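The structure appears below as structure tokens.
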Amino acid sequence: MRRPMVAGNWKMHGSQATNQALLAELEGHVRPDWPIDIAVFPPYVYLADAVRALEDGRIQVGAQDVCAEAGGAFTGQVGASMLKDVGCSYAIVGHSERRRWYHEDDTLVARKFAAALAGGLKPVLCVGETLEEREARQTESVVARQVDAVIAMHGVGGFADAVLAYEPVWAIGTGRTASPAQAQEVHAFLRSRIGAHDAKMAARLRILYGGSVKAGNAAELFAMPDVDGGLVGGASLSADEFRQICAAAAVHH
Ligand code: PGA
């Protein structure tokens, strides 16, 4: 019912030479008949190159962030319409590294979510709790607050063209992944939170899990009923790992 998605968040890694090699290898690995969406998220400066390298469109391209403003005097920023112009389909908003290192709060993330939609991109909204918050049993209140901020600003309608990603902060880049049961619990909670506003939309919404997803754990995570794929960091830099993660998602469509 929901088409799985596997998204590769490259973060601040790569060079022209390594990207070219990685994309060529990926294109060779990815099977055209897999009933899933696949996207890679290279750093800004490499986006146009990635779009050109992936010309047949089987693998889509997205940005890791987007400016909340539509355009104008905002030195250093890149707007959604520019990303669309160079061929991007998605923009990640609210990644925990942006929230933590660049002090992005729920309001700014909600504005970025709207800016992505207005510019013709599908936002990939990231939510997730820190270890302290989980230990204090605040997981649900934290992810609810993060999702509610978007709904409060724009209504629930934007989720029709968006993807949600649950990324527990303690699982990102740590090698410590959430168990399938832990992921399922939060995914089901998020779906019901959105379902309280619009049940049909919530049933169609893709909710990806992110945080130390790799070839070895993807299948058990994707087997969970509310886990519709993965947002993959470190493992997306290896064509072979990424292929295996995509293959696992293709089985659980
Ligand atoms: P990781 O990163 O797979 O390296 O844990 C996931 C993410 O931050 O999107």
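Residues in region 125-160 that are within 16 Å of the ligand (Cβ to nearest atom) and touching a His at 6+ places or on another chain (Cβ under 9 Å): Cys126 alone.
Kindly evaluate Glu104 against the criterion of being among the acidic types (Asp, Glu), in contact with a helix residue (DSSP H, G or I) (Cβ under 9 Å, 6 or more places away or on another chain) and within 17 Å of Gly234 (Cβ to Cβ). So Glu104 does not fit the description; no. Is it the case that Ala39 is in contact (Cβ under 8 Å) with a residue 24 or more places away in the chain and more than 25 Å from Gly173 (Cα to Cα)? Taking the combined requirement at face value, the residue does not satisfy it. Is it the case that Gly229 is touching a residue at least 60 places away in the same chain (Cβ under 8 Å), buried (at least 18 other Cβ atoms within 10 Å of the Cβ) and touching a Gly at 6+ places or on another chain (Cβ under 9 Å)? Here the answer is no, as Gly229 does not meet what is asked. Take Gly211 and decide whether it is buried (at least 20 other Cβ atoms within 10 Å of the Cβ) and not hydrophobic (A, V, I, L, M, F, W, C). Yes. Restricting region 219-244 to residues that are assigned to a helix (DSSP H, G or I), within 15 Å of the chain's Cα centre (by Cα) and near the ligand (Cβ under 10 Å from one of its atoms) leaves a set whose member that is farthest from Gln64 (Cα to Cα) is Ala235. Taking the listed residues Val86, Val66, Val78, Val45, the one that is surrounded by 21 or more Cβ atoms within 10 Å (Cβ to Cβ) and among the β-branched types (Val, Ile, Thr) is Val66, with no other qualifying. Residues in region 184-212 that are more than 10 Å from the ligand (Cβ to nearest atom) and either in a loop (DSSP other than H, G, I, E, B) or in contact with a Ser or Thr (Cβ under 8 Å, 6 or more places away or on another chain) (or both): Val186, Ala196, His197, Asp198, Ala202, Leu205.
Every number here is computed from the coordinates shown, using simple stated rules; none is lab data. For clarity, every value in this text was computed on a predicted model and none was experimentally measured. Note that we place each Cβ from the backbone using ideal geometry, even for glycine, and neighbour counts take in every protein chain shown.
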